[in-house]
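Note sheet for the following structure.
Coordinate-derived values only; no laboratory data. Being a predicted model, the structure only gives us computed values, none of them experimental. Heads up, the Cβs are rebuilt from the backbone with ideal geometry, glycines too, and the neighbour counts pull from every protein chain shown.
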Amino acid sequence: MKLSVVIAAYDEAESIGLLWERLEKSLNALEDVTPEVVFVIEGTDRTQQILTEQTRHLPWVRLLCNATPSGLGAAFRRGFAAVSDDVDYVVTLDADLNHQPEEIQGLLATAIERNTDILVGSRFVAGSEVIGTPFWKRALSVGINRLMHIGYGLEVLDRTSGFRVYRASSLRQLTVHNDAFAFLPELLIAASRTGLRIAEAPIRFTYRQLGQSKMALWPTSWSYLRMLVSQCTPSTWAILALFTAGLILRIGLVFPIGKLPGEADCVLNGLCSFQVLRGEFPVFASYTRLGSIGGHLTALLSLLGAGPRFALVFGPLIESVLLMGFWYLFFREALGRRIAAVALLFVAIPSPSYNYWTSTGNGYPEVMLFCGATLWLAARAVRSVHERWPFFALGVAAGLGLWSSLQSLGCSAPAFAWLAWSQPRVWRGRVALLLVGGFLLGAAPWLTYNIGNNFPTLRSGYAADVAPGLAAKLDNTKDLLTYKIPEMIGSVDHRFWPRQTRFMRTLHPLVLGLHLAAMGLFFYLGSRARGRGFSLSGAIDARKDPRWLFALVMVTMAALNVLSVAGMTRGVTVRYIMPLYLIVPGMLACLLLWISARSRWAAGLVAAVLLTFNLTGTYLPWTVERERQVRMAANDDKLIALLEKQGVEAILGGYWQVYPINYFSQERITGLPFRPDLDHYNLEGRLDKDRPLRWAVLGPRRKESEIELLVERSGIEVKIHTRPGYRVFIAKEPMRPHDFLTRMREIFVTRQKELAPERGW
């Protein structure tokens, strides 16, 4: 057998002599192998002189010299062109002693044994060792490797390694034009598309001790970027276009910024950010239920100079964009590239209800982000053979999800159950430690607080309380099936969507029916549909079938809703099951592909109906409802300006109306709800009980409202100011907080008792 070693050396005088000594010894140790070595030498230092002196007596060593550097890719092409026609295998390695020449024998034997066309000496498979690599180089390498996996589906973990064994006949089939460092991954992309067999083997990588690296950050990054763009196929451009559409939609959901849905809950992250900016570390943003991750992100944006409203909405925008990536990766790992590409239609343009609840800082963007990451990493870990990082990352994502909300258990519990059942490595010591260690790291704040305080999240959180009795559980089931699920996918609550047209309402049965058909097709046909339009790539064996994960998510989310006290809450509560929507686009993609196998026109029509419905039901910037929200936000700013001008220091009213004033006034005005239990941050306790304050009561603009009646009964002399959307009753005389609040709340409670029979309470 004949072996050729090709090495590109650019100004490597410091290391080239030692490299040759070790390489010659390694090649002489090979049995039944005739070696040849091709050095492609570029630069003006003593590299050529040193090699000439050391190899002049060896006819099987050739030196190709050029003073002007042409780039790594161009150098390798010159070297490959000089390889003898009768060579069986070609080995490449770096000239800076990053790679160990002594490992050539083992890599060559592995390539022959595994019958591969290209064997990559990998830094990222089990058994490899990496020593001394600078952080930026490792980050660049990891980033490029991930991008190539996402964009081109290369299963090779180390796509930028230059230590490789090529079958010479296979190497001659490949044509690559890149001249720079991106030549290496581009060669693998070309090989993958040609159908060549590519494998990996562990190596020991030692960062150079002699000489200087020729890899500059920005030129190398630009080279990789150009390579990634040049290798894009039409399907890749389509995926990028869908991601762009999703990004534009999410920006349109946020800007221009209007009054936020459920704004009083949204500003909890804003109030939490004030604590962070004061140097505190709050674990929760709302009682012990909602984690403070969003509050920390809002604080960071405030530090960067963002205004109150911008800081409140930009964090969720970042999270929703990240979720798109995790969402797509989940479907690609679980269902395959083709289904994932089609599912991206409904990832980019999801249901109106999903858009509504994940576009604001109400805590759900964080929950959805970590749920999506958990599902992706679980699917990755199930398919993993050599990788260990998905297990650690899965633990971290699940831990962060638990910190954000117990609701994340609807995805993390099924993910762990499926992984433990389908992947035997989970039970092994090191993998189990990575998984548990990652979880403890991600959930550390949540665990520390709860362990130190006797687990208040589980004791007092209504999401953790069990619904009492069978009747309550049956009623929860009815609400889940007749309201929450239809609302999640079809947005059927006309009270909640005032701009729904008659056309949209006529589409509701069709939209719901298509989703039901997609679920039935996904679970019933499954692998039977192979050859009929689609297949589930994750179903390597019965245990790794992704339908198990989808079913577990559905059952777990339903159980959390049916069995908990939270499920007994009526009203606009579709958000309680929102993580369930993460599996919906995958099912719809399977339906479209199944229909497409019979009629592409029919598949296009179904996709158009679903996407049109989703877009029509979304409050985009040019809609009447969105313009109204922008006006309402401006009205709130004017209200705060009026209160400050009148010297008002505290205001009382309904929770949804007054609590946002705390954040948007930057705590200059204290807004308290009539019900003390809704004062999430105990703002009342911060008031000086003995110092009289200028008080106001906030009510709706219409006359003879309930708020106006309460003010009249109180006997407090007030001056009434009318502003768009509001009537403000400002007390003429300052009053101590205890006196004012006691009087007003007693009247409020009395009035509620009077209304109870009339309203059926």
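The magnitude of the dipole of the chain, with charges of +1 and -1 set on the Cβ of Lys/Arg and Asp/Glu and taken from the Cα centre, is near 2240 debye.
Neighbours of residue 727 by Cβ distance under 13 Å: Lys/Arg scored +1, Asp/Glu scored -1, total +1. If one takes the longest principal axis of the Cα atoms in the chain, at what angle in degrees, from 0 to 90 and to the nearest 10, does the Cα axis of helix 429-442 lie? It works out to around 40 degrees. Note: relative contact order over the chain, using C-alpha pairs below 8 Å and six or more positions apart, is 10 percent.
According to the calculation over all Cα-Cα pairs in the chain, the P(r) per 10 Å bin from zero is 2, 12, 19, 20, 16, 13, 9, 5, 3, 1, 0, 0 %. Compactness ratio for segment 235-616: Cα radius of gyration over 2.2 N^0.38 Å (N = residue count) comes to 0.97.
When the helices of the chain are scored as -39500 (n - 2.57) per DSSP H run of n ≥ 4 and the total is divided over every residue, the value at 222 nm lands at -17500 deg cm²/dmol.
For the chain, the longest principal axis of the C-alpha atoms and the axis of helix 135-152 are separated by about 80°. Its Cα centre serving as origin, segment 34-113 has a Cβ charge dipole (Lys and Arg +1, Asp and Glu -1) of approximately 380 debye. Over segment 549-641, the ratio between the Cα radius of gyration and 2.2 N^0.38 Å evaluates to 1.59. Sorted on the mean count of surrounding Cβ atoms within 10 Å across their residues, most packed first, peptides 512-524, 307-319, 682-694, 11-23 read 307-319, 11-23, 512-524, 682-694.
Over the C-alpha trace of segment 591-678, radius of gyration and Dmax come out as 23.0, 71 angstrom. Cα-based values for segment 387-472, radius of gyration first and Dmax second, are 14.9, 48 Å. Using every pair of distinct Cα positions in segment 716-761, the Kirkwood expression returns a hydrodynamic radius of 12.7 angstrom. With 10 Å bins beginning at zero, the pair-distance distribution over Cα atoms of segment 1-48 amounts to 25, 49, 23, 4 %.
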